[in-house]
Amino acid sequence: MTFITNTIVSILVFSIVIMIHELGHFTVAKLSGIKVNEFSMGMGPKLFSVKRKETDYSIRALPIGGFVAMEGEDEESDSIGAFTKAPVQSRIAVVVAGAVMNLVLGFAILVFLVSQQEAITSKTISQFHENAKTQQSGLQVNDEIISVNGRRCYIANDIIYEFARTQNGTADFVVKRDGKMVELDNVVFDTYEDENGVQQLVLDFYVYPKEKTFLSVFEEAGKWTMSLARLVFLSLIDLVTGHVAINQMSGPVGIVTVISEAASVGYESVLMILALITINLGVFNLVPFPALDGGKLVFLLIELVRGKPINQKYEIWVNSAGMILLLGFMAFVTFSDITKLFM
């Protein structure tokens with residue numbers, strides 16, 4: 001029963017994220033007078049469909065995605081209501097609407113989660129452990145941590161994330177002390193080896209709680225949203241620089257595993273994973289890569305600047321090549337996820 005429950009929760013999480021994203025495209029397309037041929041939840045063969053006016057609403061066999069098929073979006077069309085016939089500003093709005101909806105959903109979830117906390121965790125040090133190395137090497141009580149190792153920390157979780165990436169037992173800080181910015185290089189930590197043999201820092205200080213008010217909840221949720229959105233770019237940088245191996249990335253199978261583990265802990269963990277996935281999906285889709293919304297956005301911005309579109313057949317070729325690369329990458333990470341399950 002636990003396996004079945006976790007599987008259902010995982011499918012629901014995927015479905016909500018995809019539905020919200022595609023609903024953004026669908027709603028703005030309809031408002032812009034663009035003909036939508038199909039609104040689909042899932043990929044692969046159709047299981048069920050119903051037609052309302054000009055649109056076929058369908059559910060497909062594989063619950064790993066979805067799409068909004070607009071007239072003339074991926075093929076040449078002279079039909080009334082074709083995507084290419086709409087003003088370029090309307091098409092830009094349609095393309096970015098999916099990502100915006102994902103970010104709005106993530107923000108709303110985080111507002112709820114923050115509102116459930118007894119207090120908001122600050123970034124200001126309240127006290128140290130006895131004989132704390134970080135205090136001996138420069139940190140002080142009432143220091144507000146602004147950045148770690150050159151990366152801005154919006155929330156307390158950003159600090160923990162940067163500590164996890166630090167492997168030499170020291171970290172560079174910028175703190176706010178008595179209203180002034182102070183740089184502290186090579187702050188020393190005690191370390192230990194985790195179960196994977198990776199060196200981790202010992203967190204030897206505490207931070208103050210912040211009073212929870214209506215405004216502070218929304219502010220903290222906004223900072224969480226920015227922090228989670230930034231993880232997409234940090235992950236890509238880590239991947240390119242070799243800080244993270246490509247086989248450590250997760251596809252749908254790996255995400256389902258994480259959701260299943262979260263489901264066994266409680267609904268708040270599932271909601272946190274849902275916020276992470278929806279925000280990351282929204283941001284990742286705006287990366288300027290062919291076949292993603294960001295790739296389409298590049299062509300539209302070029303059209304906006306030039307005053308005329310690029311020949312659609314070239315855009316179709318580029319997006320088709322991007323889709324092949326994207327599907328190949330997804331196949332690789334899915335195979336890697338499955339391999340990890342049996343290791």
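List of remarks:
- Residue within the stretch 50-71 that is open to solvent by 70 Å² or more (accessible area, probe 1.4 Å) and under 28 Å from Asn311 (Cβ atoms) present: yes
- The numbered conditions (1) outside any loop (DSSP other than H, G, I, E, B); (2) farther than 26 Å from Gly66 by Cβ are all true for Ile310 except (1).
- Among the residues of the stretch 131-165, just one is among the charged types (D, E, K, R), closer than 19 Å to Tyr208 by Cβ and either open to solvent by 70 Å² or more (accessible area, probe 1.4 Å) or in contact with a helix residue (DSSP H, G or I) (Cβ under 7 Å, 6 or more places away or on another chain) (or both), namely Asp158.
- Total residues in the stretch 166-179, condition closer than 18 Å to Thr121 by Cβ and open to solvent by less than 40 Å² (accessible area, probe 1.4 Å): 2
- Cross-chain or 6+ apart pairs with Cβ under 6 Å, the stretch 75-93 first and touching a residue at least 40 places away in the same chain (Cβ under 8 Å), then part of a helix (DSSP H, G or I): Glu76/Gln312; Val88/Leu300; Val88/Glu303; Val88/Leu304; Arg91/Leu300; Ile92/Leu300; Ala93/Val28
- Residue check for Val94: among the aliphatic types (A, V, I, L, M), open to solvent by 20 Å² or more (accessible area, probe 1.4 Å), at pLDDT 95 or above and closer than 20 Å to Gly282 by Cβ: no
- Filtered residue count, the stretch 267-291, keeping only those that are open to solvent by 20 Å² or more (accessible area, probe 1.4 Å), of a type outside the set (A, V, I, L, M) and closer than 14 Å to Val104 by Cα: 1
- Residue match in the stretch 272-281 (condition: on the phi < 0 side of the Ramachandran plot, small (Gly, Ala, Ser) and at pLDDT below 80): no
- The numbered conditions (1) crowded, with 16+ Cβ neighbours inside 10 Å; (2) more than 27 Å from Val13 (Cα to Cα) are all true for Ser126 except (1).
- Failed condition for Gly106, given (1) crowded, with 20+ Cβ neighbours inside 10 Å; (2) assigned to a loop (DSSP other than H, G, I, E, B): (2)
- Candidate set: the stretch 18-64, residues that are on the phi > 0 side of the Ramachandran plot and touching a residue at least 24 places away in the same chain (Cβ under 8 Å); chosen: the one nearest to the chain's Cα centre (by Cα): Gly42
- Residue ID - nearest to Ile273 (Cα to Cα), chosen from residues in the stretch 180-227 that are among the acidic types (Asp, Glu) and either open to solvent by less than 40 Å² (accessible area, probe 1.4 Å) or assigned to a strand (DSSP E or B) (or both): Glu220
The values are calculated or read from the model by the stated rules, or taken from the named source; none is laboratory data. Bear in mind the structure is a predicted one, so any value in this text is a computation, not a measurement. Neighbour counts run over all protein chains shown; Cβ positions are idealised from the backbone, glycine included. For the accessible areas, the whole protein counts, side chains as well, though only heavy atoms, and no ligand, DNA or RNA atoms are used. Shrake-Rupley method; radii C 1.70, N 1.55, O 1.52, S 1.80 Å.
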